[in-house]
Amino acid sequence: MIPTSEAFDSQSPHAVSRLRSQRLQRSTRPFMARGGPHGERCAGCRLLPSYCICALRPSVPTKAAVCLLMSDTEPLKPSNTGWLIADVIPDTYAFAWARTEVDPALLALLADPQWQPYVVFHGEFVDPARVVNALLDSPSPKASETQVSKRPLFILLDATWSEARKIFKKSPYLLPFPVLSLHPEQSSNYQLRRSRRDDHFCTAEVAALCMELAGETHASATLDAYLALYTEHYLRAKLQQKLQWDDEVHQRLRDLAEQG
């Protein structure tokens, strides 16, 4: 039996979905992404309707959160994986990046005392004094019993590599925060866009690595599995291939849902 999109319809649009709607409203011409016979795509997962995964959409509450700074057209692209992060991680925030102005809501989020922001970026391009490879220590044992450790807020620059470097260099409001440099042992498995470097990971892969670092192992595994599922549906739709709803990729996500 092929799932329907009813699961998504019962939920409110998440941060990336809202950002996409705002971006479309500003467009002076329609954004043309390949879809079905008439260019249609599911509003919930951006796939062709017959390859929809909305009914399989997982959600894993976490202490850690994600803040996406997205380049202008990223919310519009079906291959964007920031959307998948917002599907899985309820505390996902998304903001459009612009060089000349900053969303006040972004500044308010970064100033909120409950968060410890980390800018996730390659350490080789950063002042070593700002670079960390692990999360900052929680309060010392002598701290007040009412004091709790801050929640990690991972700031991900959701853009092409050249755009991400521009965002990093031209966002002075990010300067107060440590730069989290990740060093995964594996190479990227992302197949929907090409990169010249094996150490360039897609945004969802980076978020999964951050969640693992924060001790959110179930969320990390679920995000990896959901990305694999999305990739399979995306590529099979592109090649007009039949789906196997009981294959290993689908079963892996179901098993994780049962564990949660």
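The residue of segment 238-260 that is nearest to Lys77 (Cα to Cα), among those that are touching a residue at least 24 places away in the same chain (Cβ under 8 Å) and in a loop (DSSP other than H, G, I, E, B), is Leu243. Listed by first and then second residue, the pairs linking a residue in segment 116-131 that is farther than 16 Å from Leu157 by Cβ and in a strand (DSSP E or B) to a residue that is open to solvent by less than 80 Å² (accessible area, probe 1.4 Å) and not charged (D, E, K, R), with Cβ atoms under 6 Å apart and 6 or more places separating them unless they lie on different chains, are Gln116/Pro152. The test for being open to solvent by 30 Å² or more (accessible area, probe 1.4 Å), part of a helix (DSSP H, G or I), of a type in the set (Lys, Arg) and modelled with pLDDT of 95 or more does not hold for Arg165.
Based on what the data block shows, is Ser220 at pLDDT below 95 and hydroxyl-bearing (Ser, Thr, Tyr)? Taking the combined requirement at face value, the residue does not satisfy it.
Please count how many residues of segment 79-108 are crowded, with 18+ Cβ neighbours inside 10 Å and among the aliphatic types (A, V, I, L, M). Give the steps one after another, and end with the answer.
Let us first name the residues in segment 79-108 that are crowded, with 18+ Cβ neighbours inside 10 Å, namely 80-89, 92-97, 106.
If we keep only those that are among the aliphatic types (A, V, I, L, M) too, we end up with 84-86, 88-89, 94, 96, 106.
Residues meeting the conditions: 8.
Of all residues in segment 3-22, exactly one satisfies the criterion of being in a loop (DSSP other than H, G, I, E, B) and at pLDDT 85 or above, namely His14.
Do you know which residues across segment 216-237 are open to solvent by 20 Å² or more (accessible area, probe 1.4 Å) and without any contact (Cβ under 8 Å) to a residue 60 or more places away in the chain? Quick ask: steps written out before the conclusion?
First, pick out the residues of segment 216-237 that are open to solvent by 20 Å² or more (accessible area, probe 1.4 Å): 216-218, 221, 224, 228, 232, 234-236.
Hits for segment 216-237 are Thr217, Ala221, Asp224, Ala228, Glu232, Leu235.
The values are calculated or read from the model by the stated rules, or taken from the named source; none is laboratory data. This is a predicted model, so every value here is computed, not measured. Using ideal geometry, Cβ is built from the backbone for each residue, glycine included, and neighbour counts are taken over all protein chains shown. Surface areas here come from the heavy atoms of the whole protein model, side chains and all, with no ligands, DNA or RNA. Shrake-Rupley method; radii C 1.70, N 1.55, O 1.52, S 1.80 Å.
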